[in-house]
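The values are calculated or read from the model by the stated rules, or taken from the named source; none is laboratory data. It should be emphasised that the depicted structure is a prediction, and the values quoted were computed from it without experimental measurement. No Cβ is skipped: glycine too gets one built from the backbone with ideal geometry, and neighbour counts run over all protein chains shown. Side chains are part of the model used for accessible areas, which takes the heavy atoms of the whole protein and leaves out ligands, DNA and RNA. Shrake-Rupley method; radii C 1.70, N 1.55, O 1.52, S 1.80 Å.
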Amino acid sequence: LVDANGVEIYGPLAQISDPSMRMLNGWFPTTFAIRSAGHMNLEAEAQRAVESTDPEIPIARFTTMEDVIESTIQAPRFFSAMATAFSAFALVLTMMGLFGLLSYQVSQRTREIGLRMALGADRRNILRSYVGRGIALGAAGVAAGLTVAALLRPVLGRLLADFGIDATAQRLVTSATSAMVLAVCTVLAAAIAASWIPARRAASIEPMQALRTE
């Protein structure tokens with residue numbers, strides 16, 4: 001039962017009057033949960049127990065608690081899978097963008113890199129330089145994303161409240177520190193992976209060949 005303040009009260013069926021019970025059965029189907037000692041099919045036993053009490057009571061269906069739980073989490077699981085797919089697609093686009101940008105920079109600065117190597121620049125420094133550029137771009141994107149997320153946190157809280165999600169769940173969603181840390185680490189790792197090949201290409205440039213092409 002639910003009172004005017006939204007407080008739920010659970011009581012035994014034996015304390016409910018017959019007129020109230022008939023009214024409830026007319027509005028809502030009565031559901032019984034049966035706990036068993038092990039994994040066994042109790043459908044026949046439950047059917048016989050109901051028929052022994054009142055043969056005219058219809059039984060709509062039997063289902064297991066695993067099926068009930070599965071149907072309950074089916075929609076959240078679907079939306080989680082969709083969010084994961086879109087996040088993975090955005091991460092792939094980020095890696096492609098970083099790879100293309102750094103590759104273009106290496107191709108445009110081939111003569112400069114060759115000249116720096118001819119003057120004594122170390123290949124490891126060139127490698128670290130371009131990997132650092134990729135990390136810097138990834139860090140800038142992470143900073144922008146965290147800023148936007150912080151600004152949109154009140155809006156997300158209001159949306160969750162409109163959907164009837166309680167305050168505890170809202171705090172878990174809007175202050176998921178571990179998820180943010182994982183996202184930041186993932187983006188930075190993707191930036192390193194995307195910039196590694198252009199950085200290796202820049203570090204492998206031969207100075208005389210680069211100068212000869214100009």
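The table below gives the values:
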{"read-out": "Rg to Rh, two decimals, where segment 48-167 supplies the alpha carbon set and Rh follows Kirkwood", "value": "1.38"}
{"read-out": "Cβ-derived FRET efficiency at R0 22 Å, residue 196 paired with residue 112, nearest 0.05", "value": "0.60"}
{"read-out": "Computed E for residue 151/residue 88 - FRET, C-beta separation, R0 25 angstrom, nearest 0.05", "value": "0.50"}
{"read-out": "Accessible area per residue in Å² at 1.4 Å probe, computed on the chain", "value": "76"}
{"read-out": "Simple label model, 7 Å out from Cα along Cβ direction - residue 52 to residue 188, nm", "value": "6.7"}
{"read-out": "Segment residue 139-residue 119, extension gain: residue separation times 0.36 nm, minus the distance between their alpha carbons", "value": "4.1 nm"}
{"read-out": "Stokes-Einstein diffusion coefficient of segment 60-129, Kirkwood radius over Cα pairs, 4 °C, 1.567 mPa s, in µm²/s", "value": "77"}
{"read-out": "Helix-derived mean residue ellipticity, 222 nm - over the chain, DSSP H n ≥ 4, -39500 (n - 2.57), to 500", "value": "-25000 deg cm²/dmol"}
{"read-out": "Relative counts (whole %) of C-alpha pair distances in segment 41-88, using bins that are 10 Å wide", "value": "22, 29, 21, 15, 11, 3"}
{"read-out": "All-pairs Cα distance distribution in the chain, expressed in whole percent, bin size 10 Å", "value": "6, 18, 18, 15, 13, 11, 8, 6, 4, 1"}
{"read-out": "Spacing of the two label points (7 Å from each Cα toward its C-beta) at residue 69 and residue 104, in nm", "value": "5.2"}
{"read-out": "Helix runs (DSSP H) in the chain reaching 20 Å along axis by Cα, Kyte-Doolittle at least -0.5", "value": "65-108, 123-162, 177-203"}
{"read-out": "Hydrodynamic radius (Kirkwood) for segment 1-110, which is based on Cα pairs only, to one decimal in Å", "value": "20.3"}
{"read-out": "Net +/- balance of residues flanking residue 47 in space, Cβ distance below 14 Å, scoring K and R +1, D and E -1", "value": "-3"}
{"read-out": "Sparse-neighbourhood loop sites, GluC sites (Glu not before Pro) in segment 33-63 - DSSP loop, at most 12 other Cβ within 10 angstrom", "value": "56"}
{"read-out": "For the chain, with +1 on Lys and Arg beta carbons and -1 on Asp and Glu, the positive-most of 134, 7, 156 along the dipole", "value": "134"}
{"read-out": "Calculated FRET efficiency for the pair residue 59/residue 9, C-beta based, R₀ 22 Å, to 0.05", "value": "0.20"}
